[in-house]
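*Asks:* I'd like to ask you about the structure that follows.
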Amino acid sequence: MADQKMKERRRVSLMIMVLIFQVLSASLHGCLAAIGQGQPPRKPTSVHPRAGVRSSVFLPVSGNVYPLGYYSVTIGIGNPPKPFQLDIDTGSDLTWVQCDAPCTGCTLPRDQLYNPSKNNFVDCEDPICLAVNSLNPPQCKNPNEKCCFQVQYADHGSVLGFIVFDTFPLRLVNGSFSKPHLAFGCGHRLQNRGLHPPTPTAGVLGLGKSKASISTQLSSMGVTKNVFGHCLGDNRGFLFFGADFVPKSGMTWTRMLQSSSDKHYSSGPAELLFGGKPTGIKGVNVIFDTGSTYTYLNLKVYETVLNLIRKDLSGKQLHDVKDKALPICWKGSKPFKSVRDARNYFSTFALSFTGSSNVQLQLPPENYLIVTEQGNVCLGILNGAEAGLGTTNVIGDISLQGKLVIYDNENQMIGWANADCNRKFG
């Protein structure tokens, strides 16, 4: 990102630009050289549905927008299960963990890395390998080749590794236990990975729309429906897979945009409102991305937002101030303790989805502002062009806080409702 000279924790999700899983000849050679050819990979093992009643999985979430800059869940992998803290990311498909293969660039101690056994490796002819590398199918030269992957990040970081299968022990809300064997990435070569400073997370929980995502795999095995949701609070929240936590009423729904090349959770077009009034900005398509700390808008929309806010602040007792946290900040007559102290200076934005009747995503000040350690209030809406996102508009964690957001892949709908994400469930 262009503004990484600042030291705050900030990240943009995996697959925002042309960020696809790809096998490149040089990278593939490095992957195979790292893991060797001594042990054969497991044979093709496409996932088969199983009989039984689908249930749901509930996982506690920890984290915040500021100062941490991420939300995560802890998931056990293997038998016996080893816990891994994973950054939840609706903007990418592949789940991956730092892997002792050995690892170059890993941020965790070696005893906290995933250690694959000889039976975990996935053959490059396995259907899941094709799903991971759908836009650049692997060229399998021999039956013992292992399935490799490479993920490119919007912040110019990357992760290289290989695909493995292992057990994910899950407690279902109906009281039973499930031990599905799921495919994920074992990352053994990391470059410029993570926030600044790095997070303690072991990897990423990929929640995108492709066949490689955890939600799709759980659904194809009959464990849950292909529905999941999250609720991000001040320091905690929850994530669920399945339909048991979907409210019967009170949700606002809009249809997902459909594109063969777009694996993101996108919706639109929408009109931008400010203080309940039109801004002249129409035709806005957005991506819902928990892998991005802040919200990113294309240059035209960003400049409109910034001008509206500055005009709205004219004559109010706020003054521009430099703060290392974010590019645009203001100070008051005394330091602010929370966004609630500063919210009365600001107005509410809204995205009104023109393809649906009376469907709006409300963005009150709490959904686009932070208060820093210095007591300044800063704008959590950033210029996507400076982050290398081009014309893409990304709704990040800051704008998803305090909302139950549900991704219904069964019916191709995205829904949301205001919620207390800090209260305990279950």
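The values are calculated or read from the model by the stated rules, or taken from the named source; none is laboratory data. Nothing here was measured: the structure is a model prediction, and the numbers come from that model. In this analysis, Cβ positions are derived from the backbone assuming ideal geometry, glycine residues included, and neighbour counts consider all displayed protein chains. When the accessible area is computed, the model is the full protein with side chains, heavy atoms only, and any ligands, DNA or RNA have been set aside. Shrake-Rupley method; radii C 1.70, N 1.55, O 1.52, S 1.80 Å.
*Asks:* Just name the residue that is nearest to Leu94 (Cα to Cα) out of those in region 154-170 that are assigned to a strand (DSSP E or B) and small (Gly, Ala, Ser).
*Replies:* Among them, the one singled out is Gly161.
*Asks:* I'd like the residue in region 62-106 that is part of a strand (DSSP E or B) and free of Cβ contacts under 8 Å to residues at least 24 places away in the same chain and, out of all such residues, is nearest to the chain's Cα centre (by Cα).
*Replies:* Thr74
*Asks:* What about Asp397, is it within 18 Å of the chain's Cα centre (by Cα), more than 19 Å from Leu308 (Cβ to Cβ) and among the charged types (D, E, K, R)?
*Replies:* Considered against the rule, which asks whether it is within 18 Å of the chain's Cα centre (by Cα), more than 19 Å from Leu308 (Cβ to Cβ) and among the charged types (D, E, K, R), Asp397 comes out as yes.
*Asks:* Report yes if Phe288 is over 26 Å from Tyr345 (Cα atoms), of a type in the set (Phe, Trp, Tyr) and either open to solvent by less than 30 Å² (accessible area, probe 1.4 Å) or within 17 Å of the chain's Cα centre (by Cα) (or both), otherwise no.
*Replies:* Here the answer is yes, as Phe288 does meet what is asked.
*Asks:* Now for a separate question. Say we look at region 171-225 and pick out the residues that are aliphatic (A, V, I, L, M), in a loop (DSSP other than H, G, I, E, B) and surrounded by 24 or more Cβ atoms within 10 Å (Cβ to Cβ); which of these is modelled with the lowest pLDDT?
*Replies:* Selected residue: Ala212.
*Asks:* Looking at region 48-107, which of its residues are of a type in the set (A, V, I, L, M), open to solvent by 30 Å² or more (accessible area, probe 1.4 Å) and touching a Ser or Thr at 6+ places or on another chain (Cβ under 8 Å)?
*Replies:* Once the filter is applied, which keeps residues that are of a type in the set (A, V, I, L, M), open to solvent by 30 Å² or more (accessible area, probe 1.4 Å) and touching a Ser or Thr at 6+ places or on another chain (Cβ under 8 Å), region 48-107 yields only Leu68.
*Asks:* Let me ask you something else. If you go through region 119-153 one residue at a time, how many are charged (D, E, K, R), in contact with a Leu (Cβ under 8 Å, 6 or more places away or on another chain) and either closer than 19 Å to Val204 by Cβ or assigned to a loop (DSSP other than H, G, I, E, B) (or both)?
*Replies:* 1
*Asks:* Looking at (1) part of a loop (DSSP other than H, G, I, E, B); (2) under 29 Å from Arg423 (Cα atoms); (3) modelled with pLDDT of 95 or more, which one does Ala350 not meet, given that it meets all the others?
*Replies:* It is condition (1) that Ala350 fails.
*Asks:* Quick one: count up the residues across region 236-276 that are over 26 Å from Phe349 (Cα atoms), buried (at least 19 other Cβ atoms within 10 Å of the Cβ) and small (Gly, Ala, Ser).
*Replies:* Final tally of qualifying residues: 1.
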